[in-house]
Structures are given as structure tokens and as C-alpha cells.
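What follows is a single structure, written as C-alpha cells, with notes after it.
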Amino acid sequence: MQSIIEFLNENGGELLLKTWEHLYISLIAVLLGIIVAVPLGIALTRIPKMAEVIMRIVSTIQTFPSLAILAFFVPILGVGKVPAIVALFFYSVLPILRNTYTGVKDVDKSFLEAGRGMGMNSWEIIRHVEIPFAIPIIMAGIRLSTVYLIGWATLASFIGAGGLGSYIFDGLNLYLPEFIIAGAIPSMIMAVVVDQVFARIERWVTPKGMRMKQQAA
Amino acid sequence: MLKFENVTKMYKKGVKAVNDISLSVKEGEFIVFIGPSGCGKTTTMKMINRLIEPTEGKISINGENILDKDPVKLRREIGYVIQQIGLFPHMTIEENISLVPRLLKWSEADRKNRAAELLKLVHMDPSYLKRYPHELSGGQQQRIGVLRALAAEPPLILMDEPFGALDPITRDGLQEEFKKLQKSLGKTIVFVTHDMDEAIKLADRIVILKDGAIVQVGTPDEILREPANEFVEEFIGKDRLVQAKPNVQTVEQIMNANPITITADRPIKEAIQIMKHHRVDTLLVVDDSRVLKGYIDVEIIDHTFKKSTYVGDIIKSDIFKVKRDTLVRDTIHSILKRGIKNVPIINEKDQLVGIVTRASLVDIVYDTIWGEEESLAKTI
């Protein structure tokens, strides 16, 4: 207890800064992931044959060891936050892509026909039918992906991106357990809090009529 | 208004789903496509709003070839109702009804007014506007489905087995309601079904299809009286051919013109005496000017005799009644389907003029069978 208070006295300000760094590296990566994966996921539902192939490629990327990916971007993008965000972005894509694809693909065909028959163009079908139906599933993918990234972002400090990971690495190098804990616990808390916040958002973006329908069912 | 000229739809491998169909539909006409599954009725209908593109031939609306029009624009000018109802669960009833106006970029005020106005047409309370589809019964949902198709005032509406998923009683009610609505609005309807009862009840003209080709086109009466071939006969079914007995048309011709009645201010004891005297188990309750108010029967009296003294206290007012110019076949239908014992017949002023009972039906069936034997005897 004593040592925790002592640690906070000495490093409190820095800890806050690192936490902030950690959060924004993760969130920017997820944001990029959303921007790429959601449109891509919708586009894939239009070409089901290609979709399987592309999903397999993305799944394969996901299996690369995270440290290797981080290291891979160093020669191209150098060290610092940019390569870290790019590497994390690669990881964020798959869960969002998979959920968007499944969510949109599983929209009941009769609603698509109703939309088309009433004279919706392709964009209106996406906006008024497919997205509202798939949004809970897409959001679940985003949430999952964010929680993963917060964990993986600790590795980002390995290539000089900062964040809570730097405490963990310092602690490992210097054998200072309080540093390891100072890195691990805030990132755990962050993951739990972000998970809760995203769960709220998930509920909030689910259209009201569908929320009530789920409850009724 | 709508014209098919030698329309063919061919799928890969040379399978013809629709083969050389020509047909022309007048403004305000209610056309029903009917046939066994796989006969091409739905395909034919979907070619009208280009959900399916014809391979050969020409379809025109008011002289304009639909293939020259932008399909999205075309569909917004044609109402569309599907079997699964297809109301969007994430939109309120108001948003669902005013969807096509929204696509057409009407102002919000106009859309709201239109939705409220339409809801009145089907006698639903305005409070439904803010509700969501899952809060409504199946019958109410399909009413909204129909309103949605009417929203942008299209002159032509396509309906793909719209009442198929509903229970028989709801369906019966909705069909009647819809037929009235269609007559009053003067819309042209193309309606697909596999239910002959529905077709006979709704259609101005029935188009019978088989294997992608038209077998017979005609009014329900023409088809019932002169089926083109054995397939049509079989498809219609023997019992309906019996019902189509030509010399009996309206219920007025078969009803009993002296139904046993009572007024609401009489004591129940008197009601029982009347029942006993006339050997009936049901009395129709009318007021002084013979306007039908409801009915009482032995069961009701039996349950409530001790608690009430006057007929007015125990009267049942939710009674199924028909106008005197209703066709016999529709009434027979209701009697058989709803399992009711009798149907009071009223005139335009809601005054009681007669009653059709199950016994009256026996007379018709007897006449028909006996009539048939007689004509058989002649031919021999």
C-alpha cells in the first residue's frame, strides 16, 4: 500500500498522460478500422463469392504475432505512434468486418424486397434497411475489437508509441514489480470501462422499435 | 392502363417461367392472378415493377414502355404489398406508412398529414402512429402494409398474396375491408393468390395461369359458369361450382322474410315464450323502426336469467349481418367459415328485412343436386 502511494506521488502525472496516450492510440486505430471495415463488409455482401476469399485473407493477417506486425512496420514507417496505430488498425479490421458482413448478409430477404419494391435505390436500402438491422451486430464487433486493442496497445510502446505498455516494459527490464502493476492495472480497468461504455452505445444505437422487439421476444 | 404484349421470361437453361403472355388491364380494375405454385403468377406480377426483367415482349403502363423508365422511379409510382408484410421494425407506423413519400422527398408536414389521413381510412386510432410494428396484431400490420402502398397515391398497386399469412377470420374481414377501399379509391390492382375463395371474392377479372401460360381470363361468374377446361374445373373445385348456381344471386332471394324478433324493452320471460311458441333458439332484437340492434339466444338467457329482467340487459350487439344485395356465395362462405348459425339481412338503413339460416343453405344445396339430376335425366 505504502509503495503504491509513493509510486503515485512520484509518477501520478505521468501515469495519467500514459493512460491518455494508450486510450487514444487504441481509439484512433478502432476508428480507422470502422472507416475501412464497415463499408468493406457491406461491399462484400454484394459479391458473396469473393467475400469468402477476402475473409480468409483477413483472418490470416489476424494470426500474425502482434509483435511481428509491430516490428514489420518499423522499417516502413519508423518508430513512434504512427506505425503502432497502423499495426493495431490491422487487428481491428477483422472483428468489425466479420460482424458487418454477417449482420448485413443475414437481413431478412423479405425486407430487402419490400424496400426494393417500394423504390429504394441501393444507397437507400443500405441506409434505411441494412444498417438499422445490422447495427447491433456491427457494434458488437466494434466493441470486441476495441477491448482487444486496448490489450494489444501495451505492446505498442515496444516501438516507441508510449502508452501504459512502457511501464510494463520498464518494470520488466529493471525488475520493478510496481511498474508492471502500474501498467497492467490501468489498462485492465480501461478495457473494462470501455467495454461498459460501448455496451451502452450498442444499446443506444439500436433502433427503438428493434430494442422493444427483442425484449418482447 | 396496363398492357402485357407477348411477354416471356426465360431463365438460364431455357426454362420458361412465363411464356408469351398478353393481357390488358383497364383503369380501376381488380385483376387476380391465380394458379398452382410454379405457374408463373408471381413472376408475371414482379415484371410489372421490374423486380424481375422480362426476357421478351413488352409491358406498358398508360402507353409507356416500362423498360424505358428508371426502375427506381417506376417502383415509386407503383404500390407494392408483400406476403410477409415487410413493415420495418425499426420504424414507427407513421414512418412505415410515409416511407415512399419520404423517398420522394415530400415535406415532413405533408408526410405526417398523409399518414394520419390514411390511418383513418382503416379506422385505426391515431395513437397507433407512434407505435412500432411488433405492437400490432397480424391483421393490423397488414392494414398498415396496404396503407404504405397507398401512401404516394399510385394509380396501380401490386399485391403478392398479401393476406396469405393471416388466420381465416382476420383474412375474411380484411378482404372485405380492402375490396371496399379499392372500390372507393378507384385503384387498379394486380393481386396474386393461390386461394380461389379469395380470388372469387375480390376479383373483377381472374387470370388463371398454368405452367407460365394463361389458361383462362374472365370474371368470377364467367369462370364459375364456364370453366375453360378440366384443369380450371378442378382448380375451382366442385363445391364452388355448386354455389355458382346461376338463378340464385343475392341473399334477398333465399332469405326467410319473417324473422322472429323482439324489442329491447320487453321482459326476458316474454322472450322465452316467443322462442317456445315459434320453436327457435335465437331472437333478433330490433327497435321500433326495425333497426337491428343485436340478438339474444337460449344460452345467454340460461346464463343470465336470474340477474336480469329485460331483453335490453342481456342483448349481444356484436352480430354478423349482411346487406340484402350481397351475393349468396359470399354469405355461404361466412356461414361456413365462421360457424355461425344464422345471418340477419338488413337494408340500406340498417333495418332488418330477413334472415338466412343454415336451413336456407340446405335448400340451395338440395335444389342444386335435384336440379342437376333433372338436367341429367333430360340428356339421357
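The values are calculated or read from the model by the stated rules, or taken from the named source; none is laboratory data. Bear in mind that the values here come from a model prediction, so they are computed numbers and not experimental data. Neighbour counts run over all protein chains shown; Cβ positions are idealised from the backbone, glycine included.
For this structure, a couple of remarks:
- Of all the residues in the stretch B:278-295, those that are hydroxyl-bearing (Ser, Thr, Tyr) and surrounded by 14 or more Cβ atoms within 10 Å (Cβ to Cβ) number 2.
- Qualifying residue in the stretch B:181-189 (condition: under 10 Å from the mean Cα position of the chain (by Cα), outside any loop (DSSP other than H, G, I, E, B) and over 23 Å from B:ILE236 (Cβ atoms)): no
- B:THR43 vs. criteria more than 12 Å from chain A (Cβ to nearest Cβ), among the hydroxyl-bearing types (Ser, Thr, Tyr) and within 30 Å of B:HIS134 (Cα to Cα): yes
- Every condition in (1) out of contact with any helix residue (DSSP H, G or I) (no Cβ under 8 Å at 6 or more places or on another chain); (2) acidic (Asp, Glu); (3) more than 28 Å from B:LYS201 (Cβ to Cβ) holds for B:GLU252 except the one numbered (3).
- Residue satisfying condition, being of a type in the set (Asp, Glu) and within 19 Å of B:ARG338 (Cβ to Cβ), within set B:ASP204, B:ASP172, B:ASP221: B:ASP172
- Among helices (runs of 4 or more DSSP H) entirely within the stretch B:197-283, having at least 3 residues that are modelled with pLDDT of 85 or more singles out B:220-225, B:230-236, B:268-278.
- The stretch B:62-87, residues that are part of a loop (DSSP other than H, G, I, E, B), on the phi < 0 side of the Ramachandran plot and touching a helix residue (DSSP H, G or I) at 6+ places or on another chain (Cβ under 7 Å): B:ILE82, B:GLN84, B:LEU87
- The stretch B:63-113, residues that are within 11 Å of another protein chain (Cβ to nearest Cβ) and touching a strand residue (DSSP E or B) at 6+ places or on another chain (Cβ under 7 Å): B:ILE78, B:GLY79, B:TYR80, B:VAL81, B:ILE82, B:GLN83
- Index of the failed condition, A:SER66 passing every other in (1) modelled with pLDDT of 85 or more; (2) touching a Leu at 6+ places or on another chain (Cβ under 6 Å): (1)
- Listed by position, the helices (runs of 4 or more DSSP H) enclosed by the stretch A:87-180 that each have at least 1 residues that are aromatic (Phe, Trp, Tyr), touching a residue at least 12 places away in the same chain (Cβ under 8 Å) and crowded, with 20+ Cβ neighbours inside 10 Å are A:109-117, A:131-156, A:165-174.
- Meets criteria (among the charged types (D, E, K, R), more than 21 Å from the chain's Cα centre (by Cα) and within 11 Å of chain A (Cβ to nearest Cβ)) for B:GLU117: no
- Qualifying residue in the stretch B:158-179 (condition: in the same structural domain as B:ASN49 (by TED's automatic domain parsing), hydrophobic (A, V, I, L, M, F, W, C) and closer than 21 Å to B:LEU74 by Cβ): yes
- The criterion of being among the hydrophobic types (A, V, I, L, M, F, W, C) and within 20 Å of A:GLY141 (Cβ to Cβ) does not hold for A:LEU112.
- Of the residues B:ILE169, B:ILE144, B:ILE157, the single one that is touching a strand residue (DSSP E or B) at 6+ places or on another chain (Cβ under 6 Å), of a type in the set (Val, Ile, Thr) and either surrounded by 16 or more Cβ atoms within 10 Å (Cβ to Cβ) or part of a helix (DSSP H, G or I) (or both) is B:ILE157.
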